[in-house]
Amino acid sequence: MSDSFQYADIVFLALIAAFIALRLRAMLGRGTGLDPREVWKQATRDGMPEKAPVFPDRAAKKPEPEEDVVPPQLQANRPVSEGLRAVKAADPNFSTTEFLLGARLAFEWVIQAFAKGEKEKLRALLSEERLAHFIADIDARAQDEITHEATLVSVLATDITEAAMVATRAQITVQFTSEQVHVGRDKDKNVVSGDPSSIEKVVDVWTFERDTTSRDPNWKITAT
């Protein structure tokens, strides 16, 4: 009986290993003729989830060690280091590592939702001011009968460039370096901007903000 369970466990682990290998191959592959849309489709399990990404629950976490508050690569940056420590002091359960994971998911979510013109999905993560700007761009595209296709091929780096506490509000600015494909098409599907076969390196700088006294662990994007 135990032998059969052990065999089933081995098969299950082998399937997981195969799945992870395929995900990594999809995300890291750079062969000639690679279709970036297929890379993104595979890397995100056939598309973004229906619900907005949720930042880790701060109430469920224990205080993290110092190196998780200020990662080694940021320790020489005094303003950022002091800012992150101030955020930690206001929210003892804050984790820079977990924040960056959530920020990256939010970045991916917003890029795709904006390209598809999904206003309600954007509302989940954008401040009211940012949302108004995004909606204005979406409406302008619709008026010109232009559809926008955005393919996020990979996120190469996420770097914190600023961090501070303003009263009870934590503000953290993140620079995302990514590879993207952007294409604009008219109502007849003709390409009017961009190149569907060209992968471009893009640098975005976004500011995230949240009230540290709130029980909601999510952050809002207040600047892009």
Problem - In region 166-190, the residues that are hydrophobic (A, V, I, L, M, F, W, C) and crowded, with 20+ Cβ neighbours inside 10 Å - result: Ala170, Ile172, Val174, Phe176, Val181
Problem - Looking only at region 193-224, and only at residues there that are of a type in the set (Ser, Thr, Tyr) and in a strand (DSSP E or B), the one that is nearest to Ser127 (Cα to Cα) - result: Thr222
Practice task
Tell me, please, whether a residue that is in contact with a helix residue (DSSP H, G or I) (Cβ under 7 Å, 6 or more places away or on another chain), assigned to a helix (DSSP H, G or I) and assigned by TED's automatic domain parsing to the domain that holds Gly83 can be found in region 136-150.
Solution key: yes
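The values are calculated or read from the model by the stated rules, or taken from the named source; none is laboratory data. This is a predicted model, so every value here is computed, not measured. Cβ sites come from the backbone with ideal geometry, for glycine too, and all protein chains shown count toward neighbours.
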